[in-house]
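Okay, so here's the structure we're looking at.
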Amino acid sequence: MARTRLYKDGKLDCEDFPVSEVSDHIAEPNAFVWLDYCAPSGEDLATIAKELKLHPLAVEDAVSEHQRPKLDRYDSHLFVNAYTLALDTASGELETSEIGMFITRNALVTVRKDEGVDIEAIVARWDESKELAQHGVSFLLWGVLDFIVDGHFEAVQSLDTEIEALEDLLFDARPREAEVQRRSFELRKSLVLLRRLVQPMREVVNSLMRRDLHVLDQAMVPYYQDIYDHVLRATDWTESLRDLVTTILETNIAIQGNRMNLVMKKVTSWAAIIAVPTAITGFYGQNVPYPGFSAHWGFWFSSALIVVVSGGLYLAFRSRDWI
């Protein structure tokens, strides 16, 4: 079942009327309609496609999954495909939901691929700005795009917060290299997907504002300019975060190298200290006469020599912070 709304003379007139009545309503002066479908098939869209003369290729794109964000222009309408985004902070994965939009002079048709797009939030946005309803379909389209782009911005902010937490994890007193590497990989994968879905929106919104398309009421241009500004900020922020994650990975590798050097330095220092008694006892273990051979003072002399030389090496290494 499609959800429907009719606006007339800049005000909400009625809701949930049959799709078959769409052509009658849009024929009325100063009237425009909104229809929403969730996970429809091609047959489900057949009626509205006939009512609004929608292009078969656009209808095919609307029911097919994993289309790229885009704006396609046809003789009787425009078709926009976009994605809503949300970050799952527990797994670091980016959750996406696809939505297609058919835009005609007097109608907006939204086609959601799943329930992930919060259509109630979009409707609430329209109701909160009902004074803009006098601007027709460009008002409805603004509400959808504003909701989508705000979601992009929130996803980027969430990723920024998670990357800041990753920085704290990187410099934790207790080494957590495996966790840092795993989390970095998860966030970097989400950033790649985010960039692939956010960056094309810049061209989509910019194209909608072109005067030759005759889509927007001129009074709505500042509102679309605000959306465009948010898209640019989200895109630039995404690029910065990608560079930051790369820097974190490189820093993690450098920290691991420094820690390994510190361990090797300590092991080498202790090996040098342990080599002293080994060398001295090895010398005095020779089965030949030497000063102190078979004498008590020879034992005490060798023991004192071990303590003095080993202690001297320990103090020398300690002063250089090698151990």
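For Glu60, all conditions in the list (1) at pLDDT 90 or above; (2) part of a loop (DSSP other than H, G, I, E, B); (3) not hydrophobic (A, V, I, L, M, F, W, C) hold save one; what is the number of the exception?
If we test Glu60 against (1) at pLDDT 90 or above; (2) part of a loop (DSSP other than H, G, I, E, B); (3) not hydrophobic (A, V, I, L, M, F, W, C), just (2) comes out false.
Which of the residues belonging to the range 7-51 are among the hydrophobic types (A, V, I, L, M, F, W, C) and farther than 19 Å from His77 by Cα?
The answer is Leu12, Cys14, Phe17, Cys38, Ala39.
Against the conditions (1) modelled with pLDDT of 80 or more; (2) more than 60 Å from the chain's Cα centre (by Cα); (3) not polar (S, T, N, Q), where does Ala272 fall short? Just the number, please.
(2)
Might you let me know whether the range 307-316 holds any residue that is under 29 Å from Arg182 (Cβ atoms), assigned to a helix (DSSP H, G or I) and of a type in the set (A, V, I, L, M)? Give the steps one after another, and end with the answer.
Restricting attention to the range 307-316, the residues satisfying the condition of being under 29 Å from Arg182 (Cβ atoms) are none.
No: the range 307-316 contains no residue that is under 29 Å from Arg182 (Cβ atoms), assigned to a helix (DSSP H, G or I) and of a type in the set (A, V, I, L, M).
Take Ser240 and decide whether it is among the polar types (S, T, N, Q), part of a helix (DSSP H, G or I), in contact (Cβ under 8 Å) with a residue 60 or more places away in the chain and in the same structural domain as Leu108 (by TED's automatic domain parsing).
Values: among the polar types (S, T, N, Q): yes; part of a helix (DSSP H, G or I): yes; in contact (Cβ under 8 Å) with a residue 60 or more places away in the chain: no; in the same structural domain as Leu108 (by TED's automatic domain parsing): yes.
It is false that Ser240 is among the polar types (S, T, N, Q), part of a helix (DSSP H, G or I), in contact (Cβ under 8 Å) with a residue 60 or more places away in the chain and in the same structural domain as Leu108 (by TED's automatic domain parsing).
Check Asp36, Asp72, Asp44 and return the single one that is in contact with a strand residue (DSSP E or B) (Cβ under 8 Å, 6 or more places away or on another chain), within 28 Å of Arg195 (Cα to Cα) and surrounded by fewer than 18 Cβ atoms within 10 Å (Cβ to Cβ).
The match here is Asp72.
Tell me which of these Glu120 doesn't satisfy, since it passes every other one: (1) in contact with a strand residue (DSSP E or B) (Cβ under 8 Å, 6 or more places away or on another chain); (2) closer than 19 Å to Cys38 by Cα.
With respect to (1) in contact with a strand residue (DSSP E or B) (Cβ under 8 Å, 6 or more places away or on another chain); (2) closer than 19 Å to Cys38 by Cα, Glu120 is out only on (1).
Leu78 passes all but one of (1) aliphatic (A, V, I, L, M); (2) within 26 Å of Gln218 (Cβ to Cβ); (3) out of contact with any strand residue (DSSP E or B) (no Cβ under 6 Å at 6 or more places or on another chain); (4) surrounded by fewer than 22 Cβ atoms within 10 Å (Cβ to Cβ); which number fails?
(3)
Hey, could you check the range 275-298 for residues that are surrounded by 12 or more Cβ atoms within 10 Å (Cβ to Cβ) and at pLDDT below 75 and say which is nearest to Arg259 (Cα to Cα)?
Tyr284
The values are calculated or read from the model by the stated rules, or taken from the named source; none is laboratory data. Owing to the predicted nature of the structure, the values given are computational and were not obtained by experimental measurement. Quick reminder, even Gly has a Cβ in these numbers, built from the backbone with ideal geometry, and neighbours come from all protein chains shown.
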